Amino acid sequence: MDILFTVSNHIATITLNRPEAYNAISDAMRENLREAVDYINAPENDVRVVVITGAGKAFCSGGDIKLMKERIDSDVSFRDRLETYRKDVAGMVKCIKSIRQPVIAQINGAAFGAGCSIAMLCDIRIASEHAKFGMPFGKRGLVPDWGATYFLPRLVGRSKAIELAVTGQSFDAGTALKIGFLNQVVPQEELQEYTMNYCSQILENGPYSVMAAKSAMDAALISELDTALEQEAQIQSACYRSDDHREGVESFLEKRPANFISCQ
């Protein structure tokens, strides 16, 4: 399997699993990712947080250069390449973004090209102090993909995004934190424990309200204020009537930990 997939204590962990290729993206990896997301999105599976990480020394080195060479040699037409891109790349971006639960990138090493983009598809990015990043698409005669043209300017601002795209320069975890690309940087040996503790903080909150908050903020990013306020009103009204809200209030008044029941 080109990914490893586990679920424990309401946390689904997706591990990109081609360590010998620094977790470069393969066709099999994309298919495995789709299967994992299908499982996560199934209402009967009690997943509340998702973690994406990499096996070995890298998070993900991006596209497989050997596969790129094969496609060049086979002289794929523009139309065929376009359809393949829509299915294999745009489709995968939409697939990952369809996850309703918070998605955390646990970045254990290098994240370059499409690997950097996959990190951006996550809602929260926690990286080892040794992690490295870069968007060297131009060095391969390409443009940033896997949604990078959409998400990178929203994370770091238009000017910095263009700078990273047109220079292809790499940057370390400290710089990534400074420009707003990362949420947290931690020592390498503490990365796993820190991420799990972070997940535990999320699990203390009502699962329905957590997913609703993510949905509302995603919608508000592309909405006018009046539209965002109406969306917020709709979602909050649903939360008010949820078992999560009742349990949250009652547990506070009774001075005990909340016992939330997952709600898709």
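Quick note: the coordinates plus some simple rules give every number you see, no bench work behind them. This structure is a prediction, so every number in the text was calculated from the model and none was measured. Neighbour counts run over all protein chains shown; Cβ positions are idealised from the backbone, glycine included.
Here the label points at Ile65 and Ser8, each 7 Å from Cα along the C-beta direction, are separated by 3.5 nm in the simple model. With N as its number of residues, segment 15-165 has a Cα radius of gyration that, divided by 2.2 N^0.38 Å, comes to 1.03.
Taken over segment 102-144, the percentage of Cα pairs per 5 Å bin, counting from 0 up to the bin with the maximum distance, is 6, 24, 29, 21, 12, 7, 1.
From the alpha carbon centroid of segment 196-220 to that of segment 1-40 is 22 Å. In segment 8-109, the DSSP beta bridges split such that about 10 percent are antiparallel, to the nearest 5. Semi-axes of the equivalent ellipsoid for the chain, computed as √(5λ) from the eigenvalues of its C-alpha gyration tensor and ordered from largest down, come to 33, 20, 19 Å. Sorting Cys116, Cys199, Cys239 on the 10 Å Cβ count, fewest up front, what's the list? Sorted ascending by nearby Cβ count, the order is Cys239, Cys199, Cys116. In segment 1-72, the C-alpha radius of gyration followed by the widest Cα-Cα span (Dmax) gives 13.5, 45 angstrom.
Once the chain from Asn45 to Arg158 is taken as fully extended at 0.36 nm per residue, the excess over their C-alpha distance is 36.8 nm. Remark: for residue pairs Lys87/Lys178; Lys87/Lys214; Lys178/Lys255, the C-alpha separation exceeds 31 Å in Lys87/Lys178; Lys178/Lys255. Histogrammed with a bin width of 10 Å, the alpha carbon distances of segment 68-147 distribute as 16, 41, 32, 11, 0 percent, first bin at zero.
Remark: Ser117, Ser242, Ser8 ranked as Ser8, Ser242, Ser117, counting other beta-carbon atoms within 10 Å and listing the fewest first. Under a no-solvent Debye model with one identical scatterer per Cα of segment 98-214, what's log10 I(q)/I(0) at q = 0.10, 0.11, 0.14 Å⁻¹? Log10 I(q)/I(0), no solvent term: -0.31, -0.37, -0.59. Taking R0 as 25 Å, what FRET efficiency do you get between Phe252 and Leu177 from their Cβ-Cβ distance, rounded to the nearest 0.05? Between Phe252 and Leu177 the formula returns 0.15. Ranking of Phe151, Phe59, Phe260, Phe78 by neighbouring Cβ atoms within 10 Å, starting from the fewest: Phe78, Phe151, Phe260, Phe59. Of the Cα atoms belonging to segment 208-255, the radius of gyration and Dmax stand at 12.7, 40 Å. Secondary structure note: in the chain, about 30% of the DSSP beta bridges are antiparallel. How high is the FRET efficiency from Ser237 to Asn197, r the C-beta distance, R0 22 Å, rounded to 0.05? The calculated FRET efficiency here is 0.10.
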